[in-house]
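Report on one structure; see the data block that follows.
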Amino acid sequence: MALIAGAIAWFVRADRADAGRRVDGAAAAASVPRIAGSIGAAAAGAIPPATPQAARRRQLLDSLQLADHTYCSYRDSTKYPHTSRPIAEQPDQVYPNAPVNDSHAMRLDGGGADPKVQIQTSQSRVYMAAGEVVAFSLRALDADRQVLPLVVTRALAQGVTFKNARPAPQVALAFADDGQGADPVAGDGAFAAVLAPALTGLAAFNGTIRIEVRYSVAGRAGVVLFDVIYTPEPPALWTGQVREAVENGSLNFYLKAQVRQAGRYIVSGRVDDARGRPFALLTFNDLLASGPNDVKLTMFGKLLRDQDAALPLTLRDVDGYLLRENTDPDRALMPRIEGKALVGKPHPLTAFSDAEWQGEERSRYLAAFGNDLARARAALAESDPGAPLPPSTCAETPNH
């Protein structure tokens, strides 16, 4: 099973935080001979002659099951393109704009921790484009989950700079429990503050902004750190124009963008069906030139059919960035589209194709794994011509 998991990890493309990097084709191709060789050697009968017939058949059967599992697992995992995947594969991407919540033992100023005091923290986002704001909160609880009195003694936001770089300005934050601004309920023991970099001395800072909050609980001093990644100048802006089109058996969403900096852009959008059920994560990963551009997010037809999606579909929560390799930060953020970007038309499911995705890489690997499977079946059949072969776990297997 470890071999199978390791093989499949080379073949399935992943996004998201580092979606701009593609799998190295040479390394992936090199893995096929290694797997094919190990399966093929066993399938060809590379077993010591002294092995009893029953043990030989058992080994050949194990080789067949491995070859069948490898072929079927790879085929099933690649039946949709990497740009249109079930969102269940990345549950953390279902609601990307949800607050980031955490709970940990009180970290004492100067080192160590007090496990008797739990600090609950929240920040509304980690990545920020120009014009966006972020809210923070913290509160203290005892072992019985009762709120403890907490006093914020100092809160500063400062850009994190490299050694010898000019220090970034510091910005003081005012945490309060007064039911105003970022604090929804007064007097509940949760202290909140808002940072709007564009309105402070950090307006031109590009990179990680660290917020250090010092506080005291029952006379003991503690510290909490929050980090956000800030882009002061968006590399591209959405125009607000979004349209859909049924093309080649799939549903394509086209979002108009005005690109200021040319380069490789990574864009992600979520799709809900008419029942409000999140079921797909769509991604775009391609070069964009300066000027007006259409960013295409493809809702693959077979994924729609397999999920039995209720139409119309809703495209929501779209975020994007310009990939900046070999530098820090590694991305320049576009302002996000929060909530609904487009509610589509009620197309019938029959308007979409039920065909599996096809691509050069997929065809190449299916052929290699199919050859392994055919050799394993032939070797097992030759070892005992009168015995029936076990059925494949796939609905269809390659014909050889």
*Can you name the residue in the range 351-372 that is among the acidic types (Asp, Glu) and part of a helix (DSSP H, G or I) and, of all such residues, is surrounded by the most Cβ atoms within 10 Å (Cβ to Cβ)?*
Asp372
*asked:* Please determine whether any residue of the range 194-206 is surrounded by 14 or more Cβ atoms within 10 Å (Cβ to Cβ), in the same structural domain as Ala105 (by TED's automatic domain parsing), under 25 Å from Gln120 (Cα atoms) and among the hydroxyl-bearing types (Ser, Thr, Tyr).
replied: no
_Tell me yes or no: at least one residue of the range 327-345 is of a type in the set (Lys, Arg), in the same structural domain as Val242 (by TED's automatic domain parsing), over 21 Å from the mean Cα position of the chain (by Cα) and surrounded by fewer than 22 Cβ atoms within 10 Å (Cβ to Cβ)._
yes
*Go through Arg336, Arg305 for me and flag whichever is touching an Asp or Glu at 6+ places or on another chain (Cβ under 7 Å), at pLDDT 95 or above and under 29 Å from Thr239 (Cβ atoms).*
Arg336
*Extreme residue, farthest from Tyr95 (Cα to Cα), among residues of the range 264-291 that are without any contact (Cβ under 8 Å) to a residue 40 or more places away in the chain and assigned to a strand (DSSP E or B)*: Gly291
_Return the residues of the range 70-89 that are in a loop (DSSP other than H, G, I, E, B), out of contact with any Leu (no Cβ under 6 Å at 6 or more places or on another chain) and not β-branched (Val, Ile, Thr); say none if nothing qualifies._
Lys79, Pro81, His82
*asked:* Of the residues Asp319, Asp286, Asp227, only one is farther than 30 Å from Ala193 by Cα and surrounded by fewer than 23 Cβ atoms within 10 Å (Cβ to Cβ); which?
replied: Asp286
_Identity of the residue in the range 163-190, among the hydrophobic types (A, V, I, L, M, F, W, C), touching a residue at least 12 places away in the same chain (Cβ under 8 Å) and exposed (fewer than 14 other Cβ atoms within 10 Å of the Cβ), that ends up farthest from Thr208 (Cα to Cα)_ = Ala174
*asked:* Looking at (1) closer than 16 Å to Leu282 by Cα; (2) outside any strand (DSSP E or B), which one does Gly386 not meet, given that it meets all the others?
replied: (1)
*Within the range 123-138, can one find any residue that is touching a Leu at 6+ places or on another chain (Cβ under 6 Å), part of a strand (DSSP E or B), under 30 Å from Ala309 (Cβ atoms) and not β-branched (Val, Ile, Thr)?*
yes
*asked:* When you check Ala203 against the structure, is it closer than 27 Å to Asn326 by Cα and part of a helix (DSSP H, G or I), yes or no?
replied: no
*Would you pick out the residues in the range 206-233 that are part of a loop (DSSP other than H, G, I, E, B) and either of a type in the set (Val, Ile, Thr) or in contact (Cβ under 8 Å) with a residue 12 or more places away in the chain (or both)?*
Asn206, Ala218, Pro232, Glu233
_Suppose we keep only residues that are of a type in the set (A, V, I, L, M, F, W, C) and assigned by TED's automatic domain parsing to the domain that holds Phe369 within the range 65-97. Which one would you say is nearest to Asp286 (Cα to Cα)?_
Cys72
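The values are calculated or read from the model by the stated rules, or taken from the named source; none is laboratory data. Everything numeric here is computed off the predicted structure, so don't read it as measured data. No Cβ is skipped: glycine too gets one built from the backbone with ideal geometry, and neighbour counts run over all protein chains shown.
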